[in-house]
Each structure stands twice: as structure tokens, then as C-alpha cells.
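These notes concern the structure reproduced below.
A short reminder: the numbers here are calculations on the coordinates, not readings from a lab. Note that the structure is predicted; figures quoted are calculated from it, not measured. Cβ atoms come from the backbone with ideal geometry, glycine included; neighbour counts cover every protein chain shown.
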Amino acid sequence: MTVPYDNPLKTFQLDLIGSQVELLCRILPDLIYVIDLKINKLAFVSDRVTELLGYSLDDIHDMGDTFGPIMIIEDRANFSTQISEKFHNLQIGENVEFMMGFRHKNGDILTLRNRGTVLKKDEEGNNHYLILTAEDVTQSQLREQTIYKKQQHIEDTERALKFGSWAVSNYPANDKVYWSNGVFDITGLSVKDYPDSFVPFQTYSELIPTQERERVQAIAQAHLASKDPYYEIEHGMIDTNGQQKQVLLRTHAFFDEQSFSLIGTVSDITLTKRYEDELAKKIVELERQQAQMEEAESIFKFGSWEWQLGQQSFRWSEGMFHLLGIDSSTCPNHTVPEGFYNQFGHPSDIKAIDDFAAELLAGKNAINELNHRLVDKNGDLKYISIRAKSHFDEHGKVQKIVGVCIDVTQLEIYKRELERQLEAVNKSNRELEQFAYVASHDLQEPLRKIIAFGERLEKKYQESLGDDGRFLLGRMTNAAQRMNHLIEGLLTYSRASRQMESLQTVSLQEVIKQVLEDLELKVQEKQATVTIGDLPTVDAQPVQMRQLFQNLIDNALKFSKKDTKPSIEISAAEVSKNDIKYNPQLNSELHYYKFSVQDNGIGFAPEYNQRIFGIFQRLHGRSEYEGTGLGLAICRKIVETHQGYIEAEGQEEQGAEFVFYLPVK
């Protein structure tokens, strides 16, 4: 492009201030340019523009005699307003300075520091020409930015790791210590109070608690006296905010003939010490728990294990080695290979152990159990119960398996002995029941003959017997009848003791109805009131349920007060799981109803609560109340045969309550 001859950039000779300024333009490395404020264009640009920005004077002229197109400005309109205002208000003798980014002709971005002053005013006294110098500070800016970023990085690191650095030179002649921001943060002092970051040497010591200060100073002096180049001191500190801290002071010393210099760091280790203390406590607690576990394993003869699938090994507790009679020191880290346990299994149980392992790997059940036999290293046969649980990863794959092995040898021995003794008792009971049934049945025939012959004798020969003979004959007949009632009661008791062959669904509401029909005359005679609640349906033997309620209601009618009309209340209520759990007489696996038969009769003393259910137990003489003394014993036997439980409560002259529990579906 051809530049017109009248290009002011070429014809301007700086005649405004003379040849000295022109010479200065050639000497200075900075770019010099003049702005005509009347037209807001460049009036002069030194040749340095080509060297600095890569543009020739013709290039600048083609850009409209202005640097505008190559200036890097985010908000150009706002900048133009502000810089124009500064230029027009600038007084002679005053300077203006600003940083500006310029785009080099090759595309690079340069930062120039621009300084300017008024070169000439117009006739009205307004600023006309401004002369400015532009210095390339790109590299220094980059260095400053790098240093700033590094400084920020150091400060961020100190803040994150809670430490600070310090330095002092030519001590003791110089007692000023340089602190980084991290030291100010730890001590709580404000860096604003120490603009140059130099703090008197004793300031740090004054933050150390009095009881520690002499110790810390003595340690430091001893190291310096022995000219140790490096030492560490851990001590407490109370910062300016009153917070107690634990810090670690690290020092590196440099010695010369008359003085020494120190550099070092201060680290806030308050949280670290707290974590260390907590960790130490946890380690002690874990060691205590480990000792307790090993003691428990030894006492209860069990061991725990973990199947580490990825490592194809098992990790055993000490108890596992005890179970097998093995010295744990022979297995490093208490680890044994897969299949190690199986070699101790009883030959007949090896397959069961392998199948159990397959179930664990399948992970179908939350907890798997296996009972098997093994032969330990000493050749002793043991019975083992294994309980294990599989743990899964996020993909549902078995990750590890943990479990326990319990030595139940003694329990197995006790169980077998108990089963043997139970079988012997059952056999004896069956023999006794058979004997009682046969004996009672065989005794009835002679008694019936005695009663029959007595009645014939009395009917045929009563005139010949006389008063004494008739009295003796009556006594004999009554005794035989009582004997017959006792035998019938024993037969009923014997039948109630036998194992039930089959159960039926029985409506107890209907049973009570039938019982009251049988006792109708006695109820009317006593003018008794019988109140019946809602009774459930149970699985039982109908005859025995009828016998049970008949005995209890008949008992309430029999032992009523002479001058009081009997009142009998029969009720039933479902038993809660919690009540079943805390009643040792009930099976927690079954569901129960609680039945109550309560009366307002003569009652009985509390000490007879259990005795009242015994065979032939009578609390009153035969002359007062008739009966064999077997009624309540039969009730208890019926309830127990139905897997229930019965009890009684009473107070003399305040009535009695018979409570029994029967299982229901």
C-alpha cells in the first residue's frame, strides 16, 4: 500500500520540543507516540513500533492513525470514555499511567505499560497533544503472575495442610522473624499488624503455655549449643483467640562464627494428635475385644472364619485352630488354603461339607447351617455346628463369606443321653399307665360284686341283720362305692395321660353349652349365675375338653359359699407374642389363648396354688364336700396333654380363679 506524501506520521518532526526529544526517541527502547486530542488520532509514532509490535508506520496509517484495532479491550466504549476523560483533565507536569494489551502483527499478545504527559495545549488552554511512552512489560508481567500464582499456591498449601514457614537471619543481632501467612493463621495474629511480615522473635514464645515454655526454650538452646543443623519440637500453643492447639516446630539452622540463621516450619497437628489419641484408644479397645473374643472362643469352644474368595484362602481366628488341635503359629497371618478344613472332616460327612460350600457360593439363603463330624489332629471325634453368611458386591456376586464353627460335642453327648433317658421314662410311663388302666379295670369287677351282693343282702336279710348288721353293711357298701368312684377317676386320669392319636376342630362355645346342660339341675339348685364370654375354636379331643370344663365348673359349684349365690365367669383372650416370650411354661413357636374360670366361692389359701392339682389332694374332708380329689389333677393332665399350662389363684373366702392356656392355629 502506498502512503500519501502528506502522511503526517512522516512529516511530523517533533519541532514542538526540539531535537532533544527526537534524539531521545532513537535512544530509548520504549515506543514513543503522540496523540492529537482534537481528532483523537496519532500525530506521531516512533520507529520502535515496528520492532515492538511488528507494524510499519504505513500499517498504522492504514488502521486510521490509531492503535484502536490492535488494542485488547473488553469494554471498549467504557475504556474510551474513561481514558479520554483522563487525557483531557491532565495538567502540565502531571503524568498518566495505564497498562494495555496489544496484539502483535504475528498474533501474540503483548502487555505495554503506557506513561503520558501533556505536550501542548491549544489557544483556549485545552490539552491538544499528549506524548506517551510504551514499555513492553509482557515478560515481567508473566514473571509477576507466575510468582503470584506460586505464592498463592504456597499460601493455599499452607492453609490446606495447616502449616506456615518462617525465617530469621543473623540472630541474635537481628530479632525479627519473617512469617508466612500460614504462621499468622496458626497463631491467630493479623498480618495487617505486621505489613512487612516481620515479627519480633519473642512473639512466638509468648504463645506457648507457661508450663511448656521453659522446656521448649531449653530444647532449642541445647540443639543450638551443640550446633545441630536440624531439630523438631512438639508443644502446645494458645493462639490469640484463646484456642488450645498442638503444633510441631521444625527448625534448620545455619551457623557462622558470630551468629546463625534459622529457617523452619510450624504445623498445626491438633487434629492429627486428636486422631492419634483416638486411634490409640481404638487400638487398645480392639486389642481388648480381641482378647475377649479369644477368651470367649476358648470358653465356649468355637472359632470364627472368613472365606476370602479372591485370594482362595480362609482367615481363621485362634478358636478355629483350637478346635482342630493345630498350632496357629504354623499358619502365617492365621490364613489357611481352601480345602484345608475338609481334610479333618469325618469321611461320611465330606460330601455334606462340600455341598454346604456350594450353597454358600450360590448365596440363596441369608444364613446357612450345617452339623457334621470331624476328627481333629489328635484323633478325637468332634461334633461341629457351622453357621455362615454370604456377602455380595454391587453386582450381586458373592464377595466373601464369614461364619463360625462351634464344638457341640458335649451337647451332642448330653442330647443322646437325654434322649435315652427320655425314652426310658416314656417306656416306664407307658408301662405305668397300662398297669394303672388294667389294675383299675380289673378292680372294678370285684367292687361291683361287693356292691351288688351287699344290696341283695340288705334287701333280703335286713330284718335278720338287726341295727348293728345293717349299720355295718351300709358302711361296707359306701366304702365299696367310694372305691369304685376312685377307680373310675383313675381310669379317667389314665386316659387323659395317653398320647392323643388325632385332634378335631372343637368349638368351646358349644362345649360349654353341653356342659351346662349336664349340670343344669345342680346350677338350678345352687341358683348359680354363669357368664360366658366369646370362646375360640381349638384343635383338641372333644371328650377331654368337655371333661376339662365340666370339672372346673362343677368345682366352682361345689365349693360355693352357703349363704351366697354362686357366680361363675368364663372368658378367653388371645395371648400376645411378648407375653408368650416371657412365660417359661409356653412354647414361643405356638400361638395361645388364655382361658379363665373365676368364681366367688370359698377359695383357698395361696400356698395351695400348686398342691391343689395333685392326685387325691383334698383341702377339705369328705364329710364337708364329696369327691375323689382327682378332678383338678385330671384338668391339669388334659391341659398338659394339649401342650398347654394351667394354674390357680385364690384367697380364702374371696373365690378362686383357674387360668389355663391352650394352643390354637
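Hey, what do the phi angles of segment 344-361 turn into as Karplus ³J(HN,Hα) couplings, whole Hz, using 6.51/-1.76/1.60 and θ = phi - 60°, x for Gly and Pro?
Along segment 344-361, the couplings run 9, x, 4, x, 6, 10, 4, 4, 4, 5, 5, 5, 5, 4, 5, 5, 5, 5 Hz.
Divide the volume of the convex hull of the Cα atoms of segment 301-407 by its number of residues and quote the answer in cubic angstrom per residue.
It comes to 89 Å³ per residue, whole-number rounded.
Within straight cross-link reach of K377, meaning Cα distance under 26 Å, which lysines are found once same-chain residues fewer than 8 apart are removed?
Result set, ordered by chain and number: K301, K351, K415.
How large is ³J(HN,Hα), in whole Hz, for each residue of segment 92-106 in order, when computed from phi with the Karplus curve 6.51 cos²θ - 1.76 cosθ + 1.60 and θ = phi - 60°, using x for Gly and Pro?
My calculation for segment 92-106 gives 4, x, 8, 10, 10, 9, 7, 9, 8, x, 10, 8, 5, 4, 8 Hz in order.
For Cα extents along the principal axes in Å, the choices are [x] 73, 59, 59; [y] 105, 53, 53; [z] 186, 67, 59; which was calculated from the structure?
Correct label is [z].
Given H placed on each backbone N at 1.01 Å, which residues far from T66 in sequence or on other chains put an amide H within less than 5 Å of it?
L42
How would F260, F559 line up from fewest to most surrounding beta-carbon atoms within 10 angstrom?
Starting with the residue having the fewest Cβ neighbours, the order is F260, F559.
Can you give the angle from 0 to 90° between the axis of helix 542-558 and the longest principal axis of the chain, with both taken from C-alpha atoms, to the nearest 10?
Value to nearest ten degrees: 70.
In whole Å, how far is the Cα centre of segment 87-133 from that of segment 634-665?
Going from one Cα centre to the other spans 115 Å.
Can you pull a Stokes-Einstein diffusion coefficient for segment 501-664 at 37 °C (0.692 mPa s), Rh from Kirkwood over Cα pairs, as a whole number of µm²/s? The partial results should precede the final answer.
On the way: Rh = 16.3 Å.
For these conditions, the coefficient is 201 µm²/s.
According to the square roots a ≥ b ≥ c of the eigenvalues of the Cα gyration tensor, what is the shape class of segment 348-433, taking rounded for a/c under 1.5, prolate for a/b larger than b/c otherwise, and oblate for the remainder?
Working: a/c = 3.66, a/b = 2.15, b/c = 1.70.
It comes out prolate by the Cα gyration axes.
What ratio of Cα Rg to 2.2 N^0.38 Å holds for segment 123-190?
Values: Rg = 21.8 Å, N = 68, 2.2 N^0.38 = 10.9 Å.
Working it through for segment 123-190, the quotient is 1.99.
Report, largest value first, the span of the C-alpha coordinates of segment 144-268 along each principal axis, in whole Å.
Answer, in whole Å and largest first: 42, 35, 24 Å.
Which of the aspartates and glutamates could a cross-linker bridge to K459, judged by Cα under 19 Å and excluding same-chain residues fewer than eight apart?
D467, D468
Quick one: which of 597-603, 217-223 comes out on top by average Cβ neighbours within 10 Å, and what's the full order, highest first? Could the numbers behind the result be given before it?
Details: 597-603: 21.1, 217-223: 13.6.
Order by mean packing, descending: 597-603, 217-223.
Cβ neighbours within 10 Å, averaged per peptide: list 604-612, 368-376 in order, most packed at the top. Each step should come with its number before you reach the end.
Values: 604-612: 14.2, 368-376: 16.9.
Descending packing order for the listed peptides: 368-376, 604-612.
Rounded to whole Å, give me the distance from the Cα center of segment 344-420 to that of segment 235-266.
For segment 344-420 versus segment 235-266, the Cα centre distance is 62 Å.
Provide the per-residue ³J(HN,Hα) series for segment 171-177, in order, calculated from phi with Karplus coefficients 6.51, -1.76, 1.60 and θ = phi - 60°, each as a whole number of Hz, with x at glycine and proline positions.
Here the 3J(HN,Hα) series is 8, x, 4, 10, 10, 9, 10 Hz.
Please give, to one decimal in nm, the separation of the simple spin-label points placed at L286 and Q643, each 7 Å out from Cα toward the Cβ.
It is 4.8 nm.
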